Amino acid sequence: MPDFRPAATVRATITDRAGMLLDLRGKGRWYALTLSGALWWRHLEEGATVDQAADRVAESFGADPQQVRADMHALSQQLVDCRMLCAPTRRRWHR
């Protein structure tokens, strides 16, 4: 799975119970996250890769890392489809 980062147009509110994402583009859509999804998002904001964040969530909950990775890959795809996650831009060097 390619690496993704939170889109610049998304604002997150993360609590100790869950999370909400707000897309500032257009009509301002909200996306609710479970506690595990909110923790995963927080790790992404801190610079972790999708898999690193999933592994940290699995460790936090004592869950099967492979299952958490599969769940977070599915969540990643949903958030990419909603344009709340995007591939990091790469800088080009000019001569």
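Please list the non-local residues whose amide H lies under 5 Å from the amide H of residue 85, H modeled 1.01 Å from N, same-chain partners needing a gap of 5 or more.
7, 80
Determine the calculated [θ] at 222 nm for the chain from helices alone, applying -39500 (n - 2.57) to every DSSP H run no shorter than 4 residues and normalising by the residue count; nearest 500 deg cm²/dmol. Don't skip to the answer; put the middle values down first.
Working: 3 runs with 40 residues, N = 95.
Calculated at 222 nm, the ellipticity per residue is -13500 deg cm²/dmol.
What are the ³J(HN,Hα) couplings of segment 51-62, residue after residue, when phi is run through the Karplus curve with 6.51, -1.76, 1.60 and θ = phi - 60°? Round to Hz, x for glycine and proline.
6, 4, 5, 5, 5, 5, 5, 4, 5, 4, 9, x
From the phi angles alone, apply the Karplus equation (6.51, -1.76, 1.60; θ = phi - 60°) to segment 69-77 and give each ³J(HN,Hα) in whole Hz, x where the residue is Gly or Pro.
Those phi angles translate into 4, 4, 5, 6, 5, 5, 5, 4, 4 Hz.
Averaged per residue, what accessible area in Å² does the chain show with a 1.4 Å probe, protein chains only? Write out the running numbers ahead of the final one.
Values: 6570 Å² over 95 residues.
For the chain, the per-residue accessible area is 69 Å².
Ignoring any ligand, DNA or RNA, what whole percent of the accessible area of segment 1-94 comes from carbon and sulfur when the probe is 1.4 angstrom? Write down the numbers at each step before the final one.
Numbers: 3220 of 6290 Å².
Ligands and nucleic acids excluded, carbon and sulfur reach 51 percent.
The values are calculated or read from the model by the stated rules, or taken from the named source; none is laboratory data. Predicted, not measured: the structure shown is a model, and the values here were computed from it. Each accessible area value is taken on the protein alone, full model and side chains, heavy atoms only, with ligands, DNA and RNA left out. Shrake-Rupley method; radii C 1.70, N 1.55, O 1.52, S 1.80 Å.
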